[in-house]
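Here is the structure we will look at.
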Amino acid sequence: MDSKRRYANYIWGAVRWIDLAWAHLLPPVRLIILSGVNRWGEIAPCLDGRLEATMGEGKGDSEASPPVAPPPVPPVVASPPVVHLATLGPNGWVHRGEMLTIAQATDIRRSGQDIVVCGPNEAANRSMARAIETTANGTVVEDPPHINAGTHAMAHFHPRRRTPAGHSFFETTRRGPFS
């Protein structure tokens with residue numbers, strides 16, 4: 001046996017010993033040996049400059065296992081906006097009342113009472129409040145929170161003619177109703 005083959009067997013024996021001794025402690029890892037030490041303490045390169053072995057997967061398995069795909073992420077379903085009867089409180093607070101259907105909310109707006117549209121999506125809240133106000137009273141105006149109404153005032157829609165009285169409030173990321 002020539003010296004290179006004997007040296008490779010020596011290194012492979014060391015790799016197998018590592019595999020057997022530490023396989024139960026380590027997860028499967030890939031070990032790459034670029035140089036080694038022979039029995040005389042000399043550092044010498046391997047036959048082709050590198051020797052690969054896989055620890056923890058059996059003797060001499062150098063093929064990598066195929067990558068595992070991550071589990072699929074379920075789609076996020078946004079909850080639709082919910083319409084509530086609203087009453088105005090001090091300092092601009094809007095108190096959320098009983099839950100309403102869109103038909104009930106339209107009738108309530110025609111009678112001049114307030115509603116508030118709540119939900120996690122600001123654009124959907126605004127769109128629903130505008131649709132209810134338009135269905136109930138025709139042309140509408142969108143107003144930001146009024147400073148003179150209080151620090152907790154909410155954005156809202158109201159009829160252009162201002163009759164009937166009342167507002168269609170909608171929840172935003174910055175301001176919501178007081179439950």
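Brief remarks follow.
Quick grid of which residues meet (1) out of contact with any Pro (no Cβ under 9 Å at 6 or more places or on another chain); (2) at pLDDT 95 or above:
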| residue | (1), (2) |
| --- | --- |
| 106 | yes, yes |
| 115 | yes, yes |
| 118 | no, no |
| 123 | yes, no |
| 128 | no, yes |
| 131 | yes, yes |
| 139 | no, no |
| 143 | yes, no |
| 148 | yes, no |
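- Counted residues, the range 105-160 - those being surrounded by fewer than 15 Cβ atoms within 10 Å (Cβ to Cβ), closer than 15 Å to residue 171 by Cβ and of a type in the set (Gly, Ala, Ser): 2
- Here residue 179 fulfils each of the conditions (1) at pLDDT 90 or above; (2) within 22 Å of residue 101 (Cβ to Cβ) apart from (1).
- Restricting attention to the range 166-178, the residues being in contact with a His (Cβ under 8 Å, 6 or more places away or on another chain), over 11 Å from residue 87 (Cα atoms) and assigned to a loop (DSSP other than H, G, I, E, B) number 1.
- Any hit, the range 149-165, residues being in the same structural domain as residue 108 (by TED's automatic domain parsing), part of a helix (DSSP H, G or I) and over 34 Å from the mean Cα position of the chain (by Cα): yes
- Annotation: residue 174 fulfils all but one of (1) among the basic types (Lys, Arg); (2) in contact (Cβ under 8 Å) with a residue 12 or more places away in the chain; (3) under 15 Å from residue 92 (Cα atoms); the unmet one is (2).
The values are calculated or read from the model by the stated rules, or taken from the named source; none is laboratory data. Because the structure is predicted, anything quoted here is derived from the model rather than measured. Note that we place each Cβ from the backbone using ideal geometry, even for glycine, and neighbour counts take in every protein chain shown.
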